[in-house]
Amino acid sequence: MEGVIPVSGGKYVEKVFQCELPQGTRDKEDAEVLERLRDLVEHGRGFNVADTPEYIEGTSYNVHPSIARRLHRGDYSIQAFVDLHGLLVDDAKEVFDKFLKWAVTTGKTGILIIHGRGLSSPSEPVLKKKVVEWLTRSPWRKWVAAYSSARKCDGGAGATYVLLRLRPVTKRLKKGKAGAGKS
């Protein structure tokens, strides 16, 4: 630590710009928008990735929607990840299936699937849509408790957090239905 100079206790961020509206254009709406912009720039408040069209989230049967929001916030530990980015759909499906099988058999509950944002796709993000389809419509849906877009530090809209169950959801017979009507 030789030669290190401590940072002074003052402000760490300098004022970069002054944003003022010309006189006469100041109305309530402009003032509110300007205040929200200041909050975003100065404090990082006010931007929510969940409000963008790229954000995805979902929960399985009998799982509260707040679980997906908590998953996105980083409240659950991510224990493994797979990178499908750049693969063709058939290859990605094969890797996805092998990864989920491994994750389930080794007891992983928090996983990250990197699929990319689909910026090089002609119309829409192909792998991203397929990952959502595989999580919600394939046999793996029984193991998925919740999923959501990752935080920016883990790939943002180009990756998806998945919370897996320890046991798959199964159909349960309701009490009284078995043998009903028989005497």
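Computed over the stretch 81-127, relative contact order equals 49 percent, with contacts defined as Cα pairs under 8 Å that lie 6+ residues apart.
For the stretch 70-85, the Karplus equation 6.51 cos²θ - 1.76 cosθ + 1.60, evaluated at θ = phi - 60°, returns couplings of 5, 4, 5, 5, x, 6, 10, 6, 9, 9, 7, 9, 9, 10, 9, 3 Hz by residue, with Gly and Pro reported as x.
Just list whichever of Lys93/Lys152; Lys108/Lys142; Lys129/Lys152; Lys98/Lys171 have alpha carbons separated by over 21 Å in the model shown. Could you put the intermediate results ahead of the total?
On the way: Lys93/Lys152 24 Å; Lys108/Lys142 15 Å; Lys129/Lys152 19 Å; Lys98/Lys171 25 Å.
Too far apart for the 21 Å limit: Lys93/Lys152; Lys98/Lys171.
Near the amide H of Gly110, within less than 5 Å, lie the amide hydrogens of Gln79, Leu164, all on another chain or at least 5 residues away, with H placed in the peptide plane. Per-residue 3J(HN,Hα) values for the stretch 88-102, derived from phi via the Karplus relation 6.51 cos²θ - 1.76 cosθ + 1.60 with θ = phi - 60°, read 6, 4, 4, 5, 4, 5, 4, 5, 4, 4, 5, 5, 5, 4, 4 Hz in sequence order (x marks Gly and Pro).
No lab work stands behind these numbers, since they all come straight from the coordinates. What you are looking at is a predicted structure, and each value in this text was computed from that prediction instead of being measured.
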